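Everything below concerns the one structure shown next.
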């Protein structure tokens, strides 16, 4: 009888831990989707303070032309208006969570200009997030423009 009770207890514990992990993963996914949408809003509003909060100090971004940008360069581009986003809409989103690291995959439809040149269109994004000191920070971002058919 004790063996059966022990076995049932172990099964219940494993089930509970599995459910908790799934709930936590879904919570992280929702948090990162929210941060990504706020990132888009920050670009529209030139909210450099928000960008400073979500970019890790060693952040590296790669744009659709293959240019590599540091945190400071990304923030300056947004602040100066060199990269002027009028609107951005996110969809086709997936988030894969690996403990304190997560990878965001998504598509954006943007109306934007870079140094006066229209760069509007659809883009695919891969952003890598790491939990640093209890906060999610983007450490790397890569965007590719989707070719129009």
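Derivation of every value follows stated rules applied to the coordinates shown; laboratory data play no part. If you're wondering where the values come from, they're calculated on a predicted model, not measured in any experiment. Quick reminder, even Gly has a Cβ in these numbers, built from the backbone with ideal geometry, and neighbours come from all protein chains shown.
What the table below lists for this structure:
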item	result
Approximate shape of segment 33-102 as ellipsoid semi-axes (Cα gyration tensor, √5λ), whole Å, largest first	20, 16, 13
Mean separation of Cα contacts under 8 Å, 6 or more apart, over the residue count of segment 68-149: relative contact order %	22
Counting all C-alpha pairs of segment 80-148, share separated by more than 17 Å (%)	51
Approximate spin-label separation residue 122-residue 53, in nm, with each point projected 7 Å along Cα-to-Cβ	3.2
Estimated FRET transfer efficiency when R0 is 30 angstrom, pair residue 38-residue 149 (beta carbons, to 0.05)	0.45
FRET efficiency, 1/(1 + (r/R0)^6) with R0 25 Å, evaluated for residue 133 and residue 64 via beta carbons	0.20
Separation of alpha-carbon centers, segment 47-79 and segment 86-149, rounded to whole Å	12
Whole-percent pair-distance distribution, where bins are 10 Å wide, for the alpha carbons of segment 28-145	14, 50, 32, 4, 0
Simple label model, 7 Å out from Cα along Cβ direction - residue 80 to residue 31, nm	3.4
